[in-house]
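The values are calculated or read from the model by the stated rules, or taken from the named source; none is laboratory data. Treat the numbers as computed from the prediction; the structure is a model and nothing was measured. All Cβ positions, even for glycine, are placed from backbone atoms using ideal geometry, and neighbour counts span all protein chains on display. Remember, those area values only see protein heavy atoms, side chains included, never the ligands or the DNA or RNA. Shrake-Rupley method; radii C 1.70, N 1.55, O 1.52, S 1.80 Å.
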Amino acid sequence: MGLMRLPLLTASMAFVLCSSISTAQAEPRRFEIDPEHFTIAFMVNHLGYENLLGQFLEGEGSFVYDRETQELSSAEVTIQANSVFTNLDARDRHLRDDDFLNTDDYPRLHFVATDFEPSSPTTGTLNGELTMLGRTEPVTLDVTLNQDEVYPFGHGRPTLGLSVRGALDRSDWGMDYGADNGMVGDHVTLIFELEAVEQDGSL
């Protein structure tokens with residue numbers, strides 16, 4: 001009789017074990033963006049001749065994400081404005097002055113997420129607010145999860161690989177230099193590529 005009950009007991013233990021694993025996986029986890037794998041890029045039209053590609057070289061961010069429910073919370077990114085880079089010193093100095101970023105008075109750009117709407121297991125829409133030049137305006141970003149695996153070397157932690165795309169009109173933040181005459185486009189394409197590393201412990 002004891003032998004007959006063993007499969008039932010084993011099945012029961014397996015159910016409990018699987019339930020506990022599922023619960024653990026469903027817990028929200030905190031992720032920090034790896035600064036060595038964080039590309040913060042933008043693209044803007046110049047005189048109709050080209051779409052100039054630039055970057056911010058210094059930024060940091062973190063968020064809380066639940067893999068099971070796809071719920072995102074506490075997400076924010078801070079970018080150092082004076083780290084702007086377009087591969088031309090004179091142009092970069094101009095971007096730092098008060099025609100554009102005014103980095104002396106406003107040294108940081110700050111994004112805070114307000115909600116995340118998943119559209120599939122690997123895609124979704126991230127809504128948030130960007131503070132730039134002392135003004136806060138809404139921004140919508142499209143997010144794609146490229147990979148969710150344990151990192152194959154180095155820190156060896158679970159890591160999310162993300163591609164994020166969006167756009168904004170810089171004049172919404174009062175940055176309108178060159179926009180009226182078409183010298184510098186008002187519409188700015190946003191391009192972010194990042195790896196976010198899971199931190200120890202659950203929340």
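In Å², what does the accessible area per residue of the chain work out to with a 1.4 Å probe?
Per-residue accessible area for the chain comes out at 60 Å².
Picking from 117, 32, 50, which is most flexible by a Gaussian network model of the chain using Cα springs under 10 Å?
In this elastic network of the chain, the residue with the biggest mean-square fluctuation among 117, 32, 50 is 50.
Say we join alpha carbon atoms closer than 10 Å with springs in a Gaussian network model of the chain; which of 183, 175, 132 then has the biggest fluctuation?
Looking only at 183, 175, 132, the biggest GNM fluctuation is shown by 183.
Carbon and sulfur together cover what percent of the accessible area of segment 61-203 at a 1.4 Å probe radius?
Roughly 47 percent of what the probe reaches on segment 61-203 is carbon or sulfur.
When the dipole is taken about the Cα centre of segment 65-129, and only Lys, Arg (+1) and Asp, Glu (-1) are charged at their Cβ, what size is it in debye, to the nearest 20?
260
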